[in-house]
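Q: Structure provided below as structure tokens; questions to follow.
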Amino acid sequence: MNKPLALIIDDEPDLCELLALTLQKMQVDSHSAHTLAQARQLLSAHPFNLCLTDMRLPDGNGIDLVRFVQTRFSDLPIAVITAHGNMEAAIEALKAGAFDFVSKPVDLQMLRTLVQTALRLGEKYPEADRRTRDVLIGDSPVMQQLRGNVAKLARSQAPVYISGESGTGKELVARMLHDKGPRAGKPFVPVNCGAIPAELMESEFFGHRKGSFTGAHSDKPGLFQSAQGGTLFLDEVADLPLAMQVKLLRAIQERAVRPVGEAREVPVDVRILSATHKSLPDLVNAGVFRQDLYYRLNVIELAVPPLRERGGDIDVLTPHILRKLAPAGNVAVRITEAAQAELRRYPFPGNVRELENILERASTLCEHGLIQVQDLLLAPPADGVAPATEPAASAAPTTVPTAAVTENLEAYLERVERQAILEALAATDNNKTAAAKKLGITFRALRYRLKKLGLE
């Protein structure tokens, strides 16, 4: 079996030799080039599995080579060697398509980890390809583009900022970026940044040593250590307090963390993915989110489209969700064409998550395993929210304050339900069968609503 082959580009012969020896110990052969011109010639002559390039070369810039490789050899992972602390150059290289970066002086353990991860890119993931289509469901152009972007970005180690409204499936996208990439066999650790109390945040992220504070009865690894070799997904990253943003920025840049009570930093190897339904640029302008952290997290942005811009996908999502809701071995609940047409007209301010909730409720309320229009209990559309449809090519995307709209709709719906049920019960002397008849619903549906509203 042939050994993997790497190309090393650096104008310092000593560094080329050090890198070549390190790779040789990993059973990786290598060729060296000292200029961009030599590198291009070797790339055309040999089937390389990995490329390592310095940023400063006699006849150009390492980023020029990154762009050349992206154009001519798009499947070849290329990593750049940057000056220590020069994060601007590293981020520029990642944006240009670099697989990863390593800083001078080169940490050999970090280099070995990078090489091992890069070489795993040559492995095929047919199951992951199938799962992408099964999880990120929809045939609309925007979903086809999203799946394509996920497949491409899964090969990179660059931080990805996943933007999108609440309920669009940002964590699903993050999981697929992990599952389709070279870190698939390692942990995927999601964390809701808004759910961790501020006083525990440093300990949760970085871990702590026994006795470092009251209640620290034993050593505890943090989220970074738990994700070692894999992916750390920072959901609702906008909720991080400023003090924690500073510490997080250092951890990401240094690729090391210092547990509470520990004197030295511990190296960590994780890929950082982040998401929030809020506008990070607006928060940066407001001074509540650090600009340097924003640029470090948002090396590449991946936008997840709202359901109202996915038109025909509702007809694909509905049967899929109903099959998921069916108990094991049972036939899935069906839906009438009239009810499906109502779903097509609804704007879904809560996106796919709201569609799932609506169908789960309707599956419980419906009779004879068939969802009718009245089982959907759709709220009237809020002002300014367009029906779900495929947007025209020239139309600007509609901006909807989804969190506020969804909360208002749910509160409105609960008030209407509660008031109608209480009036019907009062008019029938608390006879539930008569009240259900008066409301035009089944006794089973009334019982469900009573339980949901705490009126039992």
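The values are calculated or read from the model by the stated rules, or taken from the named source; none is laboratory data. It should be emphasised that the depicted structure is a prediction, and the values quoted were computed from it without experimental measurement. All Cβ positions, even for glycine, are placed from backbone atoms using ideal geometry, and neighbour counts span all protein chains on display. The protein model used for the area step is the full one, side chains on, heavy atoms only, and it has no ligands, DNA or RNA in it. Shrake-Rupley method; radii C 1.70, N 1.55, O 1.52, S 1.80 Å.
Q: At a probe radius of 1.4 Å, what is the per-residue accessible area of residue 442, in Å² to the nearest 10?
A: 50 Å²
Q: Right, something else. In a shell of Cβ-Cβ distance under 15 Å around residue 286, excluding residue 286 itself, what net charge do Lys and Arg (+1) and Asp and Glu (-1) give? Could the numbers behind the result be given before it?
A: Details: positive: 278, 290; negative: 239, 282.
That sum, taken over residues with Cβ under 15 Å, equals 0.
Q: Follow-up. Can you give the accessible area of residue 161, probe radius 1.4 Å, in Å² rounded to 10?
A: Its accessible surface works out to 10 Å², give or take rounding.
Q: Roughly how much of residue 295 is accessible, in Å² to the nearest 10, using a 1.4 Å probe?
A: Using a 1.4 Å probe on the heavy atoms, I get roughly 120 Å².
Q: Assuming 0.36 nm per residue, please report the length gained on full extension of the stretch residue 108 to residue 315 beyond their Cα-Cα distance. Please list the in-between numbers first.
A: Values: separation 207, 0.36 × 207 = 74.52 nm, distance 5.24 nm.
My answer for the length gained is 69.3 nm.
Q: Hey, another quick one. First select every other residue whose beta carbon is under 14 angstrom from the beta carbon of residue 454; then total the charges, Lys and Arg +1, Asp and Glu -1. It would help to have the intermediate numbers written out before the result.
A: On the way: positive: 415, 418, 447, 449, 451, 452; negative: 414, 417, 456.
Residues near residue 454 contribute +3 overall.
Q: How about residue 152: which aspartates and glutamates have a C-alpha closer than 12 Å to its C-alpha, ignoring those fewer than 8 places off in the same chain?
A: Qualifying aspartates and glutamates at Cα under 12 Å: 75, 129.
Q: Taking the Cα centroid of region 416-456 and of region 1-16, what is the distance between the two, rounded to the nearest whole Å?
A: 75 Å
Q: Once you sort the root eigenvalues of the Cα gyration tensor of region 299-343 as a ≥ b ≥ c, which label holds: rounded (a/c under 1.5), prolate (a/b larger than b/c) or oblate (the other case)? Mind showing how you got there, number by number?
A: Numbers: a/c = 5.06, a/b = 1.62, b/c = 3.13.
Taking the square roots of the gyration eigenvalues as a ≥ b ≥ c, region 299-343 is oblate.
Q: While we're on this one: For the chain, what's the relative contact order in percent, using C-alpha pairs closer than 8 Å and at least 6 residues apart? Before the final figure, lay out each step's value.
A: On the way: 722 pairs, mean separation 50.5, N = 456.
Across the chain, relative contact order equals 11 percent.
Q: If DNA, RNA and ligands are ignored and the probe is 1.4 Å, what is the ranking of 34, 368, 320 by accessible area, most exposed first?
A: Values: 34 70, 368 170, 320 50 Å².
Putting 34, 368, 320 in descending order of accessible area: 368, 34, 320.
Q: Given charges of +1 on the Cβ of Lys and Arg and -1 on the Cβ of Asp and Glu, with all other atoms neutral, how large is the dipole of region 236-380 about its Cα centre, in debye to the nearest 20?
A: Working: 18 positive and 19 negative charges, 77 e Å.
Once rounded to the nearest 20, the dipole reads 380 debye.
Q: Take every Cα pair under 8 Å in region 229-308 that's 6+ residues apart, average their separations, divide by the length, and report that relative contact order as a whole percent.
A: Details: 76 pairs, mean separation 30.7, N = 80.
This gives 38 percent for region 229-308.
Q: What distance in nm lies between label points placed 7 Å from Cα along the C-beta direction at residue 73 and residue 35?
A: In this crude spin-label approximation the distance works out to 1.9 nm.
Q: Moving on to the next point. Modelling each spin label as a point 7 Å along the Cα-to-Cβ direction, I'd like the residue 17/residue 360 distance in nm, to one decimal.
A: Placing both labels 7 Å along Cα→Cβ, they lie 6.4 nm apart.
Q: Rank these residues by their accessible area, most exposed first, probe 1.4 Å: 44, 203.
A: Numbers: 44 80, 203 10 Å².
Result, largest first: 44, 203.
Q: Now for a different question. To test your reading of the geometry: what angle, between 0 and 90 degrees and rounded to tens, separates the Cα axis of helix 313-325 from the longest principal axis of the chain?
A: 80 degrees
Q: Net charge near residue 92: determine it from the other residues with C-beta under 12 Å of the C-beta of residue 92, scoring Lys and Arg +1 and Asp and Glu -1.
A: Details: positive: 67, 95; negative: 64, 88.
Computed value for this residue: 0.
Q: Related question: Starting from the Cα of residue 420, step 7 Å along the direction of its Cβ; do the same at residue 198; then give the gap between the two resulting points in nm.
A: Once both label points are built, they end up 4.4 nm from each other.
Q: Excluding residues fewer than 8 places away in the same chain, name every one of the lysines whose C-alpha is closer than 20 Å to that of residue 220.
A: 186, 210, 247
Q: Can I ask one more? For the modelled label position 7 Å from the Cα of residue 336 along Cα-to-Cβ, which residues of region 349-366 have backbone nitrogen atoms closer than 17 Å?
A: The answer is 359, 362-366.
Q: Which value in deg cm²/dmol, rounded to the nearest 500, describes the helix-derived mean residue ellipticity at 222 nm for the chain, given -39,500 (n - 2.57) per DSSP H run of n ≥ 4 and division by the residue count? Each step should come with its number before you reach the end.
A: Values: 20 runs with 210 residues, N = 456.
For the chain, the value works out to -13500 deg cm²/dmol.
Q: Another question about this same structure. Using R₀ = 22 Å, calculate the FRET efficiency as 1/(1 + (r/R₀)^6) where r is the Cβ-Cβ separation of residue 250 and residue 216; round to 0.05. Can you show the working numbers first?
A: On the way: r = 22 Å, r/R0 = 1.00.
It comes out at approximately 0.50.
Q: Related question: Go ahead and run the numbers for FRET between residue 292 and residue 328, Cβ-Cβ distance against an R0 of 60 Å, rounding to 0.05.
A: For R0 = 60 Å, the calculated efficiency reads 0.75.
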